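Below you'll find the structure, written out as structure tokens, and then a few comments.
The values are calculated or read from the model by the stated rules, or taken from the named source; none is laboratory data. Keep in mind that this is a model prediction, so the values were computed, not measured. With ideal geometry, Cβ positions are generated from the backbone for all residues, glycine too; neighbour counts draw on all protein chains shown. To get the accessible areas, we keep the full protein, side chains included, count just its heavy atoms, and leave off ligands, DNA and RNA. Shrake-Rupley method; radii C 1.70, N 1.55, O 1.52, S 1.80 Å.
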2 protein chains.
Amino acid sequence: MARLVLKFGGTSVGDISRIQNVARHVKREVDAGHHVAVVVSAMAGKTNELVGWCREASPIHDAREYDAIVASGEQVTAGLLAIALQEMGINARSWQGWQIPIRTDGAHGAARIQEIDAGEIVRRFEAEGQVAVVAGFQGIAPDNRIATLGRGGSDTSAVAIAAAISADRCDIYTDVDGVYTTDPRIEPKARRMAKISFEEMLEMASLGAKVLQVRSVELAMVHKVRTFVRSSFVDPDAPGMGDFDNPPGTLICDEDEIVEQQVVTGIAYSRDEAQISLRRVEDRPGVAAAIFGPLADAGVNVDMIVQNISEQGDATDMTFTVPAGDLQKAITLLEKAKAEMRYDALQSESGLTKVSVIGIGMRSHTGVAATAFKALAARSINIKAITTSEIKISILIDGDYTELAVRALHGVYGLDKA
Amino acid sequence: MARLVLKFGGTSVGDISRIQNVARHVKREVDAGHHVAVVVSAMAGKTNELVGWCREASPIHDAREYDAIVASGEQVTAGLLAIALQEMGINARSWQGWQIPIRTDGAHGAARIQEIDAGEIVRRFEAEGQVAVVAGFQGIAPDNRIATLGRGGSDTSAVAIAAAISADRCDIYTDVDGVYTTDPRIEPKARRMAKISFEEMLEMASLGAKVLQVRSVELAMVHKVRTFVRSSFVDPDAPGMGDFDNPPGTLICDEDEIVEQQVVTGIAYSRDEAQISLRRVEDRPGVAAAIFGPLADAGVNVDMIVQNISEQGDATDMTFTVPAGDLQKAITLLEKAKAEMRYDALQSESGLTKVSVIGIGMRSHTGVAATAFKALAARSINIKAITTSEIKISILIDGDYTELAVRALHGVYGLDKA
């Protein structure tokens, strides 16, 4: 007997028959004797409809009202799933954020969970085996009003509930059946990983693998919540689905749990990057702050930053990337502040892709970067910028070469082979 | 400066442009210096959609889950109206039932309001002139879960809030512009009443004038909440709309406020009635209970009851009406219990209409009933049953004569004249 959290996203609960399918997944775990909390998103399309109404009522609207409106989507799904479970003879009830309560900070529209009192949920597990169906994406702020966690927040709700009830596992049911070594639409030889460490998943998630919200992975890492990515679109009673130790999907866990660590575990990529280079920036303390402070204030998300000493030695070249959509805003800002920043020239380029090689094993292995560079060079792919961290190498290339580069890197580290 | 409650139904908040129109009605009152609480229903069609989903998930569903699901409709409208008001520069916030709180009993799906703590709403009136936008139709039950008041409950919410904040008036905005002496679709000469007493309105509402929920009128009567019926579909800034003492519409108030009391104030009717007669029922104590107890248990709503001594004097004839939709159920029940009830024969007829003459003034005037019987006789309309109360006379007739009877009665009491 274990304690499980099951989370289902918007497409998994898109209509009543899908909600009934979700109920069958829950029933399978209940029948196996587990204590189950389910976290649900709004029915697909509902959140967008509600957000659209808020915008129509006023382009700039009170985040507290937005929260009260938008949170209703999850409230409806939670109630409907509870009804569907009861219809199958399962003891279940819905919980809204304010009822548990899930306490958040006061940042309406993008709140962070601060505390969950899961005592009553656990008491009902023990006393009557009741399934808790929790409305995702929301909690209650210090002002006693509903607060939402920001888009995709239901993943975060699920992990936080899992931490609060000390769950053995948090199963994230989604429209893919796990985390792959790279995007299977680009590289058909991509393989589903059985396990991936929190750190690696964090890099995969933030680099463009859209399986899980970055915040939820961070939270899972901090609280060591074993998180499992699996598909909701398979028959709930298909062989192996109820296998507690080895169900189909990908486990995101502490690296200690991964016995045979690969050097490289995955290749991620992120399209629509743009590069800005400031030439011959005066080389003095505070210059980086002078450049990136205003960009941050304007909400421009600066990613890779590369600083080189220029030939003459008295000035520096500063190169960095921003999302292509933010390029024009960034250029306008930088040109306005040119006198203050004291650079010679600004160059920019869009239509770029960042390709990243990820693996905890590279901490103890040398030559990982060199292998990547060689593989790209062999295909005449020009490298525009490089950044590295302990467990990843990111390389900026021309967007036209995205697929070629992903396939080359996937092959060169042996990820094609089972 | 007054304290007002404004209530808007589903069609009045059917989309964002209508919600913005509602905001203009609110703004007019705020600009006039009044303190305003607004009670809103769900957008037209939303409640039916949510109820439909509940039924699809399970034909018999947990009323507590139903409540959590269905109450979300009003939650959304309240938030959207608050945003629309803020957009017009008005200080406003939404309130859900559990936030105020509006405490109800535990009868989920058809709860009754027990207590409203309106202290914070009033404090904000005084301190900052903030408009309270309240989600109608809901409160919080003793189990800390949302409870709804039953269909049409937003009228009841509005009157209860008005009582709790000691409002000077509760304005019910609807798709008609007031209460008429009879249905204008049947009698074009029907006139809008300026005032009607609670008691009369109660008879009008329960007899088929669909302007206001009966429960809300009862509540208004008990707490002496001056309730005003008016249209939301006129230009909020049209002449007279902001006239505090004499706006266009009908005031439902204590009879003391109505100086010139008419003998008869209105003619109501209710179609689709059916009549059941039990012939030669044994005339002994407890016979009525033996007949009507089982009908009540089966949820059959018995209305007019007429008991006559039969010719022989040792038995009685019992005649009563039920809604036509319940007729078959009632007959089945009565036939099954025939031996026990000891009647000779059961006769029934459907397709009937109950026409009612209503007026507080008839308490002190004689001959009101005789006038009605004469008017109907002059048009050869056969009377099938009669019941009377202090302030109304109800007459059961063949449904084919409905329009003729309503017009005849409307004319004979002088209601055609201004």
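Among the helices (runs of 4 or more DSSP H) lying completely within region B:197-303, list those that include at least 3 residues that are closer than 25 Å to B:THR316 by Cα.
In region B:197-303, the matching helices (runs of 4 or more DSSP H) lie at B:287-297.
Report yes if some residue within region A:41-51 is within 21 Å of A:ALA164 (Cα to Cα) and either in contact with a Ser or Thr (Cβ under 7 Å, 6 or more places away or on another chain) or more than 9 Å from chain B (Cβ to nearest Cβ) (or both); otherwise report no.
yes
Identify the residue in region A:12-27 that is part of a helix (DSSP H, G or I) and surrounded by fewer than 17 Cβ atoms within 10 Å (Cβ to Cβ) and, among all such residues, is nearest to the other protein chains (Cβ to nearest Cβ).
A:SER17
Name the residues in region A:328-347 that are open to solvent by 60 Å² or more (accessible area, probe 1.4 Å) and either in contact with a Gly (Cβ under 9 Å, 6 or more places away or on another chain) or on the phi < 0 side of the Ramachandran plot (or both), would you?
Matches in region A:328-347: A:GLN328, A:LYS329, A:THR332, A:GLU335, A:LYS336, A:LYS338, A:ALA339, A:GLU340, A:ASP344, A:GLN347.
Within region A:106-126, can one find any residue that is of a type outside the set (S, T, N, Q), at the interface with chain B (Cβ under 9 Å from one of its Cβ atoms) and closer than 16 Å to A:GLY153 by Cα? If you could, list the steps in order and put the result at the bottom.
So in region A:106-126, the residues of a type outside the set (S, T, N, Q) come out as A:106-113, A:115-126.
Next cut, at the interface with chain B (Cβ under 9 Å from one of its Cβ atoms) only: none.
No, every residue in region A:106-126 fails to be of a type outside the set (S, T, N, Q), at the interface with chain B (Cβ under 9 Å from one of its Cβ atoms) and closer than 16 Å to A:GLY153 by Cα.
For region A:304-418, which fully contained strands (runs of 3 or more DSSP E) count at least 2 residues that are charged (D, E, K, R)? Outline the logic, then answer.
Numbers: elements: A:305-309, A:315-323, A:345-358, A:385-389, A:392-398.
Strands (runs of 3 or more DSSP E) meeting the threshold: A:345-358, A:392-398.
What are the pairs, 6+ residues apart or on separate chains, where a residue within region B:170-185 that is not assigned by TED's automatic domain parsing to the domain that holds B:ALA158 has its Cβ under 8 Å from a residue that is basic (Lys, Arg)?
none
Condition check ((1) modelled with pLDDT of 90 or more; (2) under 23 Å from the mean Cα position of the chain (by Cα); (3) among the basic types (Lys, Arg); (4) closer than 25 Å to B:ALA190 by Cβ) across all residues:
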| site | (1), (2), (3), (4) |
| --- | --- |
| B:GLY240 | yes, no, no, yes |
| B:PRO248 | yes, yes, no, yes |
| B:GLN262 | no, yes, no, yes |
| B:ARG271 | yes, yes, yes, yes |
| B:MET318 | no, no, no, no |
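The rows are residues; the columns are (1) small (Gly, Ala, Ser); (2) open to solvent by less than 10 Å² (accessible area, probe 1.4 Å); (3) not assigned by TED's automatic domain parsing to the domain that holds A:GLY367.
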{"site": "A:GLU260", "(1), (2), (3)": "no, no, yes"}
{"site": "A:GLU282", "(1), (2), (3)": "no, no, no"}
{"site": "A:ILE291", "(1), (2), (3)": "no, yes, no"}
{"site": "A:PRO294", "(1), (2), (3)": "no, no, no"}
{"site": "A:ASN301", "(1), (2), (3)": "no, no, no"}
{"site": "A:MET318", "(1), (2), (3)": "no, yes, no"}
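Out of curiosity, is A:ASP283 more than 30 Å from A:HIS223 (Cβ to Cβ) and of a type in the set (D, E, K, R)?
Against the criterion (more than 30 Å from A:HIS223 (Cβ to Cβ) and of a type in the set (D, E, K, R)), A:ASP283 qualifies.
Of all residues in region B:127-141, how many are closer than 19 Å to B:VAL22 by Cβ and within 11 Å of chain A (Cβ to nearest Cβ)?
Adding up the residues that qualify gives 2.
In the list B:ILE393, B:ILE360, B:ILE383, which residue meets the criterion of being of a type in the set (Val, Ile, Thr) and open to solvent by 10 Å² or more (accessible area, probe 1.4 Å)? Steps first, please.
On the way: B:ILE393 fails: open to solvent by 10 Å² or more (accessible area, probe 1.4 Å); B:ILE360 fails: open to solvent by 10 Å² or more (accessible area, probe 1.4 Å).
One residue alone meets the criteria, B:ILE383.
Within region A:138-149, is even one residue of a type outside the set (Val, Ile, Thr), more than 21 Å from B:TRP95 (Cβ to Cβ) and not in a loop (DSSP other than H, G, I, E, B)?
Checking region A:138-149: not a single residue is of a type outside the set (Val, Ile, Thr), more than 21 Å from B:TRP95 (Cβ to Cβ) and not in a loop (DSSP other than H, G, I, E, B).
B:ASN144 versus (1) surrounded by fewer than 16 Cβ atoms within 10 Å (Cβ to Cβ); (2) within 14 Å of chain A (Cβ to nearest Cβ); (3) within 30 Å of A:PRO59 (Cβ to Cβ): which is the lone unmet condition?
All conditions pass for B:ASN144, except number (3).
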